[in-house]
1. Restricting to DSSP H runs of at least four residues, report the calculated mean residue ellipticity at 222 nm for the chain, -39500 (n - 2.57) per run over all residues, nearest 500 deg cm²/dmol.
2. Below 8 Å between Cα atoms, with a sequence gap of 6+, how large is the relative contact order for region 227-348 in percent?
3. Please give the FRET efficiency for Asn219 paired with Ala44, using the beta carbon to beta carbon distance and R0 = 56 Å, rounded to the nearest 0.05.
4. If packing is taken as the average count of other Cβ atoms within 10 Å, what order do 70-77, 33-40, 201-208 fall into, highest mean first?
5. For Thr105 and Asp336, what is the calculated FRET efficiency with R₀ set at 35 Å and r taken between the beta-carbons, to the nearest 0.05?
6. Counting pairs on different chains as well as pairs 8 or more places apart, how many Lys pairs in the chain have Cα atoms under 29 Å apart?
7. Once you sort the root eigenvalues of the Cα gyration tensor of region 152-213 as a ≥ b ≥ c, which label holds: rounded (a/c under 1.5), prolate (a/b larger than b/c) or oblate (the other case)?
8. If you count, for each residue, the other Cβ atoms within 10 Å and average over each peptide, how do 259-270, 52-63 line up from highest to lowest?
Amino acid sequence: MRNFLTIIAMVFISSMHVAQAQPVTVDPESIVPLPDKFDMELPAPDVPPEIARFHGAWIGTWGDDNRHVLVVERIRPNGHANVVFAHADSAYYNMYREWFRSEATIADGVLTFHATFTVASVTLRFVFDGPDRLYETATYRPEGVRSGTLVRTDLARLAANDLPLEWPGPGERVSIPHLTVRTPDGARPITLEATLYRPAGSGPVPLAIVSHGADAGRNQLRTWSALTEAHWLRDRGFAVLVLMRRGRGKSEGINGEENFGRDHEGSLVDLSAGIAEAVEDLASAIAYGRKLPDVRPGPVLLAGQSRGGYLAIHYAGLKPSEVMGVVSFSGGWYPDAPVTTPDFAKAGRGATNKVPQLWLYADNDRL
């Protein structure tokens, strides 16, 4: 009897360990709802191959991290299709997870359908970006465009709700060794995260580097891939590197861009320390990108938004011979004109008549 009770106790304790190993809560943004079953129908022989290739299951992300699923259940010879579309929660985009069925059309290599989400009406377009990858564009009414990528996945695993832990994201994540900053023990350079979009054709091609803006608090730990801008540049003959500066995304180091100089009263008087750090990070990315296969040595195109736009302008002023052009979307380091106006003047002076630049601003833009 004692041995029997011991065995029972061991089984009970073992089951407790198994139960404890299962997570009690999960990341809500990892949950993608799906229907109980998919109504799959193989394309008939008279469905053109360029249309039939859309059939099947696809998973991916849009807006950098929002997970979503596309299942093309059936396709007719005239290009009419039945699809299931599902997406997870997103705190950043204030979206609730949902799924729905919709009618779609396939014409000229594009699968298109319209949907009404909880937050907006959307037109979704999918085109092939390789044999088993789709590039997605979501156009929101009344305004807004978001891009994403999807890869083909196993339908049986998807139907069993066996979703991957790591979802495919846009581009290729790479690690850049910093030129000047090392780990605290001095053992190695810190590394900066970047997303690489290799050129669509054969090289050598020029390099474009896209830089992000500022963020506060934990939002700094988000990785931005700039997929829409990078895809546009890549299709026009560039290799594109989207950089996350130190302390941002998965880049190592501490973000020191907020190390502003202040007077005795705490008022902002000097931005130079933070700008200098960003210049070092950008220089590291340029040095790394120039060594990539199929990248042409020589001047690079610098593009950026907000703080990243200002950084492109500033770097062109410092090293005009290294820059073929600048595209700045609402460029500015900080919305404080008395402090930033002299910095803009200084940044632009070195590049005058040497580097073509396009600055894009809306009315009343404080930057």
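1. Working: 7 runs with 81 residues, N = 367.
The helix contribution divided over the chain gives -7000 deg cm²/dmol.
2. Values: 158 pairs, mean separation 21.0, N = 122.
Answer for region 227-348 is 17 percent.
3. Numbers: r = 49 Å, r/R0 = 0.88.
The pair Asn219/Ala44 has a calculated efficiency of 0.70.
4. Details: 70-77: 20.4, 33-40: 12.1, 201-208: 17.0.
By packing density, highest mean first, the sequence is 70-77, 201-208, 33-40.
5. On the way: r = 50 Å, r/R0 = 1.44.
Calculated transfer efficiency: 0.10.
6. Values: Lys250/Lys291; Lys250/Lys319; Lys291/Lys319; Lys291/Lys354; Lys319/Lys346; Lys319/Lys354; Lys346/Lys354.
Taking the chain as the scope, the lysine pair count is 7.
7. Details: a/c = 3.30, a/b = 1.53, b/c = 2.15.
Here region 152-213 falls in the oblate category.
8. Values: 259-270: 11.6, 52-63: 21.0.
The densest-packed peptide leads the list: 52-63, 259-270.
The values are calculated or read from the model by the stated rules, or taken from the named source; none is laboratory data. Keep in mind that this is a model prediction, so the values were computed, not measured. Reconstructed Cβ throughout: ideal geometry from the backbone, glycine too, with neighbour counts over all protein chains shown. Quick note on the areas: whole protein, heavy atoms, side chains included, nothing else; ligands and nucleic acids left out. Shrake-Rupley method; radii C 1.70, N 1.55, O 1.52, S 1.80 Å.
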